[in-house]
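Data first, discussion second: the structure below is written as structure tokens.
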Amino acid sequence: MRATLLGSGALLLSAGAWAQDAAVSYDVSFPNAAHHEAEISVTFREIGEGPLTVRMSRASPGRYALHEFAKNVYGLSAVDADGQALAVSQDDPYSWTIEGHDGEATVTYTLYADRADGTYSQIDLTHAHLNMPATLLWAEGMEDRPVEISFEPASPDWKAATQLVPAGSAMAFTAPDLQYLMDSPTELSDFDLRKWTIGEGDSEQTIRLAIHHDGTPEDADAYAEMAKNVVDAQIELFGEAPRFDYGTYTFIADYLPHVSGDGMEHRNSTVISNTKGLYEDEFGQLSTLSHEFIHAWNVERLRPAELEPFDFTKANPTTTLWFAEGFTTYYAPLTIRRAGEEDVDGYLKTLSRNLSYVVNGAGRELRSPMAMSLRAPFVDAATAIDPDNNANTFMSYYPYGAMIGLALDLELRGRFEGISLDDYMRRLWRKFGKTATAYTHQDLKVTLAEVTGDTAFAEGFFANYIETGALPDYGPLLAQAGLELGPANPGKAWIGGSFEADGPVVKIASNTVRGTPLYQAGLDRGDEIVRIGRFDINSTGDVDTALSRHEPGDTVEVAYVSRTGDGTVSVTLVEDPALKVTRKESGDEELSAAEKRFREDWLGIEETEDAG
């Protein structure tokens, strides 16, 4: 966000500037909500001489790929202050030029919107779920103007959930400038609202949870209580809550069958959406909430320099998503565990899944975490019609960064007395997040040296695990907490790949991965598997059955049909490489006092001990 948004004093200065610049005024209504349309008008005043250029964004805060929001804008026209039609021309798909104005122009257009998630908008008779870059056009040269926006709901039952600034009526709001407006998703619906306060005295702030769902009030109550505990655990992690610009933080949550699953952070709010209801999958929703609220510190205020300011016309890449998204992914389940909302075994399942993905990922051979971060414009909700080879060339910076965070946390706890990743995050927060100073890759490295007092360690860790694709030996690191890393399915034969069935035809579903038996045999996506050993393959379950008759090291004949015709190839099976982290005491060994203390300092104390 712009510097004018980053502190209460700056906000006062911004508010004072509002009187000097004519506000941009939006009116949004939904007369054809049944067919997913909004009617939007925006008035620009004191335009000055020359044509007015208005445009739709191609990027959205929190997303890193390009999105063609202009494709759903149509029926655009413009009039001057007297209501006289103005000439509108278009030289590219994203912008419109308006000439002949008298210093004022009102632009009117229709927006089609039918995807509710963190990037797009959805309009129907149940709600208007609005991500602003997907909804509102804006004028070049007026990015610093204050904004007024009013909504005309499609139903009298609709309320508004947003981080926009209330402006005297239930459906009227303001924003200090375009950056804040575009960062302010808004939900208009008959949602359930739960709220509570954090902090005391001058530090008191309000957390709001607006839940649009088909569940019961009791579902909302239970979810709000879990959310409150997780929020408290994260405030404890960073040592304090951020100062929200208007004293309020809003979770905008849609749990409905016609929305799309997503989570998206914003400066003073977040969007969570899922097709499952709270009763069906309350923990899954909590995981997204936990991740997105950590972003209130890490990425919204503790912010990479490359994202300052955010450019709505192009992709916004950074080499530090391994930290901004990855370390957030590390702490999301960890703070749920520390909050007491999940037991240690549940946490270890998530840890095992991420660790197995990273250790076995082929992409690390090609790109470091920094280089993987730069792939975000191609993978972060990006769309393309041509196939990719990401199975062999890419590793998501979410789990990749999370497992770097795990390694650093365990390394710090074992090597430096009284120091953990928590201390590193708090130091970064005080140096950069709290002071609204964007950080660089070098800043992250230098701060680690400051926290540890060991420059060689900091430089070595970054050189080995962040600037290159090496991984530490996780076994000894986890052993400090009395945890054991081993195969998830010892002795199970594995052929690699995933499979899909179309009737009795079973095909390899996605690109085979370098080093796996199927890859080594020259088989790839789309090849039909007819037989494995003596088993005919007529369903995906037949693959598992066939493999269950063999052991790692066995060589089997696989009959297939590929683009070049029928064939048979010898395939040598290996042991399933999936990994699992388990408690030491789940076997016959006892947990030592040192291991127990290490684990409790890291994961928190369980209310009830369960060695099984």
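Computed extension gain for residue 225 through residue 569, at 0.36 nm per residue and net of the alpha carbon distance, reaches 118.2 nm. At an R0 of 22 angstrom, the distance between the Cβ atoms of residue 34 and residue 71 translates into a FRET efficiency of 0.55.
Between residue 169 and residue 471, the modelled labels are 5.8 nm apart [label points 7 Å from Cα along Cα→Cβ]. Quick check on segment 527-612: take the gyration tensor over C-alpha atoms, sort the square-rooted eigenvalues as a ≥ b ≥ c, and tell me if it's rounded (a/c under 1.5), prolate or oblate. It is prolate, given that a/c is not under 1.5 and a/b is the larger ratio. Using the Cβ of residue 428 as centre and a radius below 13 Å, the other residues enclosed give a net charge of +4, where K and R count +1 and D and E count -1. The lysines within cross-link reach of residue 159, meaning a Cα-to-Cα straight distance under 17 Å and a gap of 8 or more places when in the same chain, are 195.
Listed by Cβ neighbour count within 10 Å, with the fewest neighbours leading, 311, 576 appear as 311, 576. Helix 326-338 axis versus longest C-alpha principal axis of the chain: approximately 80°, rounded to the nearest ten.
Taking the longest Cα principal axis of the chain as reference, the axis of helix 278-294 is set at about 70 degrees. For segment 139-234, rounded, prolate or oblate, judged on the Cα gyration tensor with a ≥ b ≥ c (square roots of eigenvalues), a/c < 1.5 rounded, else prolate if a/b > b/c? The shape class here is oblate. Count Lys and Arg as plus one, Asp and Glu as minus one, and take only other residues whose Cβ is under 13 Å from that of residue 75; the net charge is then -2. Listed values (1) -0.44, -0.58; (2) -0.65, -0.76; (3) -0.51, -0.65 include one computed from this model; for log10 I(q)/I(0) by the Debye sum over Cα atoms at q = 0.07, 0.08 Å⁻¹ that value carries the label (3).
When only the Cβ of Lys, Arg, Asp and Glu is charged (+1, +1, -1, -1), the dipole of segment 406-483 relative to its Cα centre reaches about 340 debye.
A full extension of the chain between residue 535 and residue 260 corresponds to an added length of 95.1 nm, given 0.36 nm per residue minus the alpha carbon distance. What the Cβ-Cβ distance of residue 551 and residue 386 gives, at R0 = 41 Å and to the nearest 0.05, is a FRET efficiency of 0.55. Taking a point 7 Å from the Cα of residue 21 along the Cα-to-Cβ direction, the residues of segment 123-137 with backbone N closer than 17 Å to it are 137. Its Cα centre serving as origin, the chain has a Cβ charge dipole (Lys and Arg +1, Asp and Glu -1) of approximately 1340 debye.
Report the FRET efficiency, 1/(1 + (r/R0)^6), for residue 459 and residue 197, where r is their Cβ-Cβ distance and R0 is 60 Å, rounded to 0.05. That gives a FRET efficiency of 0.90. Once you sort the root eigenvalues of the Cα gyration tensor of segment 493-575 as a ≥ b ≥ c, which label holds: rounded (a/c under 1.5), prolate (a/b larger than b/c) or oblate (the other case)? Rounded shape, in that the Cα axes give a/c under 1.5. If I fit a long axis through the Cα atoms of helix 397-415 and take the longest principal axis of the Cα atoms of the chain, what angle between them do I get, 0 to 90°, rounded to 10? So the inclination is approximately 70 degrees.
Legend: residue pairs 71/314; 228/276; 492/584; 228/584, Cα-Cα distance threshold 27 Å; pairs beyond threshold, 228/584. Length gained on full extension, residue 501 to residue 87: 143.5 nm, using 0.36 nm per residue less the C-alpha separation. Charges were assigned to the Cβ only: +1 to each Lys and Arg, -1 to each Asp and Glu. The resulting dipole of segment 321-487 about its Cα centre is roughly 340 debye.
No value in this document is a laboratory result; all are computed from the given coordinates. In this text, all values refer to a predicted model and were calculated from it rather than measured experimentally. All Cβ positions, glycine included, derive from the backbone under ideal geometry; neighbour counts span all protein chains shown.
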